[in-house]
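Written out below as structure tokens is the structure these notes cover.
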Amino acid sequence: MTQMHKRWAPGAVPFASLARLVPSPPDWRVDWSAIWPLWPVLGALDTCPQDPSHHGEGDVGTHTRMVVEALVGDRDWRALPVEDRGVLFWAAVLHDIGKPATTRHEDGRITSRGHSRRGAAMARRLLWEAAAPFHWREALAGLIALHQLPFWLIEREDGERRAIEASWIARPDHLCLHARADALGRIAADRDGLIENVALARLSFEEAGCLTAPFASANDESRVAFFEREDRDPRHAAHEAHPCTVTVMAGLPGSGKDHWIARHCPDLPMVSLDALRTELGAPATGDQGAVVQAARERARAHLRAGRDFVWNATNVSRQMRGRVLGLLRAYGARVRIVYLEVAPECLLAQNAAREAPVPDKAILGLVDKLEPPTPMEAHEILRVID
């Protein structure tokens, strides 16, 4: 382990250790004595309360262990390929790690609104530091982000749309398998109702044609347009005619965006937030309003001319990218997102070697906001994972 990695993630858990702890035949035993000490976030669950009307079993730690045991005892889980079992197992272990940070006492009740998204971000960071494979990590993060959806999907008027959207974030049959264990792993008057809702959600995914894979749109434009407009027919075959293609870079500072651009599209004009900061004398942190406005004006000039160009910025969260993508789509551009990711032990070193390094504290803040792009956002996603 390098000194850089020690500074970044002291005590990071190696992915190989996680793989070894997934229960296997013949006994399918869960080794809680090895699992619970892995991360402090698990220990914190034992003192996090839950509303007794939904969780008569008590604290989040007790609930989590009940959910995991229910999953491991499920014949459908045991019949899955080894890698899928691992994803679901660790998703169950980590599914509620966002609760301690989001739990509130309100009007005599205990709530934890937002814990699914918070937990997905926390799990993503833990597994990135563990050097988990990208596709494995993101499958798990998707399950955590949406783990409550099967409980309420059948009650939504826009259920088909939500099912299609979910299929691009988490594999729906695995999501329902997790949700069934989540319902079984609790003491609550509505437990049987939750289990029935999960079964009905599975039928909804099946009817939408996306139970085991993302919904198949007619073409790339149909997919992107569907996620832009609430009233869009998911089966409509959109006409594909774009005046230009814009390559939107995404990745943490030091992930190699400038190097990729120089190698793969050196002749394209570029709108670079870093370059504009230098030009305008603006700091790398703090209010970026003037920099972003200048970038948008330069982008509009390219878009009006129908010119291909590169937008170069971190764009690490869906919210950050959304501001850019909305502008590009308003001009009918075809959008390609290039997402770059490097291992933790490389990131700070590469950032330090830049001409204008970003402060380490700022990078650490961006890590917690990291949301790799999905095909819901652009016509093409190119992932460069090192």
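The values are calculated or read from the model by the stated rules, or taken from the named source; none is laboratory data. Predicted model, so just to flag it, every value in this text is computed and none were measured. Neighbour counts run over all protein chains shown; Cβ positions are idealised from the backbone, glycine included. Ligands, DNA and RNA are excluded from the accessible area calculation, which covers all protein heavy atoms including side chains. Shrake-Rupley method; radii C 1.70, N 1.55, O 1.52, S 1.80 Å.
Just a few scattered comments:
- LEU203 surrounded by fewer than 20 Cβ atoms within 10 Å (Cβ to Cβ) and not in a loop (DSSP other than H, G, I, E, B): yes
- The number of residues in segment 33-52 being in a loop (DSSP other than H, G, I, E, B) and more than 15 Å from GLY119 (Cβ to Cβ) comes to 6.
- Every condition in (1) open to solvent by 20 Å² or more (accessible area, probe 1.4 Å); (2) of a type outside the set (Asp, Glu); (3) assigned to a helix (DSSP H, G or I) holds for ALA131 except the one numbered (3).
- Per-region count, segment 278-329, residues among the aromatic types (Phe, Trp, Tyr) and free of Cβ contacts under 8 Å to residues at least 12 places away in the same chain: 0
- Tabulated pairs, segment 255-277, first free of Cβ contacts under 8 Å to residues at least 60 places away in the same chain and at negative phi, second surrounded by 14 or more Cβ atoms within 10 Å (Cβ to Cβ) and among the aromatic types (Phe, Trp, Tyr), C-beta under 6 angstrom, 6+ apart or interchain: LEU268/PHE309; PRO269/PHE309; VAL271/TRP311
- Candidate set: segment 10-53, residues that are in contact (Cβ under 8 Å) with a residue 60 or more places away in the chain and among the aromatic types (Phe, Trp, Tyr); chosen: the one farthest from VAL93 (Cα to Cα): PHE15
- Taking (1) without any contact (Cβ under 8 Å) to a residue 12 or more places away in the chain; (2) crowded, with 18+ Cβ neighbours inside 10 Å in turn, LEU348 satisfies each apart from (1).
- Scanning segment 75-101 for residues that are surrounded by fewer than 17 Cβ atoms within 10 Å (Cβ to Cβ) and either acidic (Asp, Glu) or under 27 Å from PHE134 (Cβ atoms) (or both) yields ASP76, ARG78, ALA79, PRO81, VAL82, GLU83, ALA101.
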